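Presented below is the structure to which this report refers.
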Amino acid sequence: MEQELFESVDEYIGNLLGAEDNVLKGALKSMKDTSMPGANVSANQGKFLQLLAVLSNAKKILEIGTLGGYSTIWLGRALPLDGHLLTLELEQANADIARQNIIKAGLDPIVDIRVGKALELLPLIEAEEIGPFDMIFIDADKPPYTEYFEWALKLSRPGTVIVADNVIRGGKILDDDSHDEKVKGVQKFNKILAENKHVTATILQTVGNKEHDGMAIAVVKREC
Ligand code: SAH
Ligand code: DHB
Ligand code: MG
């Protein structure tokens, strides 16, 4: 019942303000051949990420978890021509699909996909000194979310916006005794986020055409 209403309202908002063009529609279709069909953000969530990138005047964005490049396209479209988006993906097959979608979006000059385990790629990115990033979107596997957050902080400056997807998981995060590794991963992340003195943060609960979930949004504070 309620889910139907959430979906109808999501559609209403999308029709008004979050319309996908043919590139995004095509990317979404191509996602059926990825390892996690349906794990992409929704259109309105993509628009929301894009707004955050615009708000933070982002020139450099880091994304952890590319899948087929759907969120990458929403974020990449917020960047100026001299912007740069670096996105990390474990699976070569997903990255290949993402690359095609990014080329179709005309974003290949500013998007760089790196393939491998994010926790192995992040130290290399630090060594290359391509940061600090203006915005960082964490959306890969859930158990190491806390480690991704720690890396995000290292690659940040005061004012950097850090966003983490899927931190509510249908409310399963309320269960302190959960044995679900994904739930445990985001529970730990949410706690560390709340306790960290270098960021100010909140979590936005989300409903719509995806299951009930949430996005954490943090801003790195000026020196305190
Ligand atoms: N951001 C995408 C969805 C990402 S789904 C969107 O909204 O469109 C999560 C992705 O993280 C999957 O493609 C998965 O292969 C990738 N992933 C899982 N574990 C990873 C790891 N250790 N390092 C990098 N990517 C990983
Ligand atoms: C999962 C991951 C995601 O990034 C997402 O948006 C939904 C589900 C998952 O691993 O279950
Ligand atoms: Mg996600």
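The values are calculated or read from the model by the stated rules, or taken from the named source; none is laboratory data. Treat the numbers as computed from the prediction; the structure is a model and nothing was measured. Reconstructed Cβ throughout: ideal geometry from the backbone, glycine too, with neighbour counts over all protein chains shown.
Filter the stretch 166-186 for residues that are part of a loop (DSSP other than H, G, I, E, B) and under 12 Å from Tyr145 (Cβ atoms); which is nearest to ligand 1 (Cβ to nearest atom)?
Asn166
In this structure, is Ala43 among the small types (Gly, Ala, Ser), modelled with pLDDT of 95 or more and either over 30 Å from Lys154 (Cα atoms) or within 16 Å of ligand 2 (Cβ to nearest atom) (or both)? Give the derivation first.
Details: among the small types (Gly, Ala, Ser): yes; modelled with pLDDT of 95 or more: yes; either over 30 Å from Lys154 (Cα atoms) or within 16 Å of ligand 2 (Cβ to nearest atom) (or both): yes.
Yes: the conditions hold for Ala43.
Among the listed residues Phe137, Phe133, Phe149, which satisfies the condition of being within 15 Å of the chain's Cα centre (by Cα) and either away from ligand 3 (no atom under 16 Å from the Cβ) or modelled with pLDDT under 95 (or both)?
Phe133
Can you report the number of residues in the stretch 205-219 which are more than 18 Å from Thr160 (Cβ to Cβ) and either within 12 Å of ligand 2 (Cβ to nearest atom) or in contact with a Phe, Trp or Tyr (Cβ under 9 Å, 6 or more places away or on another chain) (or both)?
Count: 9.
Can you find a residue in the stretch 193-201 that is out of contact with any helix residue (DSSP H, G or I) (no Cβ under 8 Å at 6 or more places or on another chain) and of a type in the set (Asp, Glu)?
Yes, that holds for at least one residue.
When both residues are 6+ apart or on different chains and their Cβ atoms are under 6 Å apart, which pairs have a first residue that lies in the stretch 187-205 and is part of a helix (DSSP H, G or I), and a second that is β-branched (Val, Ile, Thr) and crowded, with 16+ Cβ neighbours inside 10 Å?
Every condition considered, the pairs that remain are Gln187/Ile173; Lys188/Thr146; Phe189/Thr146; Asn190/Val167; Ile192/Thr146.
Residues that are closer than 23 Å to Gly185 by Cα: list the strands (runs of 3 or more DSSP E) wholly contained in the stretch 79-152 that include at least 2 such residues. Before you say what the answer is, go through the steps one by one.
Numbers: elements: 84-89, 111-115, 135-138.
Per the criteria, 84-89, 135-138.
Being among the small types (Gly, Ala, Ser) and within 13 Å of ligand 1 (Cβ to nearest atom) is the filter here, so list the residues in the stretch 8-37 that pass it.
Let us first name the residues in the stretch 8-37 that are among the small types (Gly, Ala, Ser), namely 8, 14, 18-19, 26-27, 30, 35.
Result: Ala27, Ser30, Ser35.
For the stretch 38-57, what are the residues that are more than 10 Å from ligand 1 (Cβ to nearest atom) and surrounded by fewer than 24 Cβ atoms within 10 Å (Cβ to Cβ)?
Passing the criteria: Asn44, Lys47, Phe48, Gln50, Leu51, Leu52, Val54, Leu55, Ser56, Asn57.
Which members of the stretch 62-92 meet the condition of being surrounded by 24 or more Cβ atoms within 10 Å (Cβ to Cβ), of a type in the set (A, V, I, L, M, F, W, C) and within 16 Å of ligand 3 (Cβ to nearest atom)?
Leu62, Ile64, Leu67, Ile73, Trp74, Leu75, Leu88
Which residue is nearest to ligand 2 (Cβ to nearest atom), if the candidates are limited to the stretch 172-198 and must be of a type in the set (A, V, I, L, M, F, W, C) and over 18 Å from the mean Cα position of the chain (by Cα)? Even if it seems obvious, please write down each step before you answer.
We begin by selecting, within the stretch 172-198, every residue of a type in the set (A, V, I, L, M, F, W, C); these are 173-174, 183, 186, 189, 192-194.
Pick out the ones that are also over 18 Å from the mean Cα position of the chain (by Cα) and you get 173-174, 192, 194.
Numbers: Ile173: 13, Leu174: 17, Ile192: 19, Ala194: 21 Å.
Applying the filter and picking the extreme gives Ile173.
Tally up the residues in the stretch 24-40 that are assigned to a helix (DSSP H, G or I) and either within 30 Å of Ser156 (Cβ to Cβ) or of a type in the set (Lys, Arg) (or both), please. Break it down into steps so the answer makes sense when it comes.
From the stretch 24-40, those assigned to a helix (DSSP H, G or I) are 24-33; that's our starting set.
Subset that is either within 30 Å of Ser156 (Cβ to Cβ) or of a type in the set (Lys, Arg) (or both): 24-25, 27, 29, 31-32.
Of the residues in that region, 6 qualify.
Output the residues belonging to the stretch 153-165 that are surrounded by fewer than 21 Cβ atoms within 10 Å (Cβ to Cβ) and either within 12 Å of the chain's Cα centre (by Cα) or not in a loop (DSSP other than H, G, I, E, B) (or both).
Matches in the stretch 153-165: Leu153, Lys154.
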